[in-house]
Every structure is written in structure tokens, then in C-alpha cells.
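The values are calculated or read from the model by the stated rules, or taken from the named source; none is laboratory data. Small disclaimer: the values here were computed from a predicted structure and weren't measured. Backbone-built Cβ (ideal geometry, glycine too); neighbour counts: all protein chains shown.
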Amino acid sequence: MLDTIHTWARPITISLNDADLIVIGPAQARNILLLDWPAERGDKHKIASDVCLAAMEGADPEPAWLAFMEATIEAGIFVE
């Protein structure tokens, strides 16, 4: 069963479509990775997508937080 309501203790703010967006958990992050990603989909993007899915399936969500943050930094959309 997918956990679509889990939230991170520390949200990640990104810049997407000329606006700041607060990403609160792995389900929202994966949705962005799959549907709204503004940059090339490299290794960090794939890792983040896989780890976010694993968190939605019950794995520890903290690795998803770190992987998503690293992917956003690589893409140049990380704000804080």
C-alpha cells in the first residue's frame, strides 16, 4: 500500500515555474520528479524517484528527503 500522506520533518523549498514551492513529503516529491521536473533526468533524479517510491511503500522517508534535496540541487531548483 502506498503512503501518500507521509510528511518530512523538514520540508524542502524549490523554485518551480517561477514560484517557490514547499515540498512536504515523498509522494509530492515523486509527483514533481515524474511530472514537473524542469531539468535533465540524470542519475540523481532516478535515485530520488526510486527512493521516494520506496518511502511511499513503507521504507524510511529520510533517505528520500536527502535524495530529493540532492536532485534539486543538481537541477538548480533548490531554495532551502
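The set of residues from segment 7-22 being touching a strand residue (DSSP E or B) at 6+ places or on another chain (Cβ under 6 Å) and in contact (Cβ under 8 Å) with a residue 24 or more places away in the chain comprises ILE12, THR13, ILE14, ASP20.
For segment 1-43, filtering for residues that are part of a strand (DSSP E or B) and of a type in the set (Asp, Glu) leaves 1. Among residues of segment 44-64 that are in a helix (DSSP H, G or I), those with a beta-carbon under 9 Å from a residue that is of a type in the set (D, E, K, R) and buried (at least 21 other Cβ atoms within 10 Å of the Cβ) at least six positions away or on a different chain give the pairs ALA48/ARG30; SER49/ARG30; CYS52/ARG30; LEU53/ARG30; ALA55/ARG30; MET56/ARG30; ALA64/ARG30. Filtering segment 1-26 to residues that are under 11 Å from the mean Cα position of the chain (by Cα) and modelled with pLDDT of 95 or more leaves PRO11, ILE12, THR13, ILE14, ILE22, VAL23, ILE24, GLY25, PRO26.
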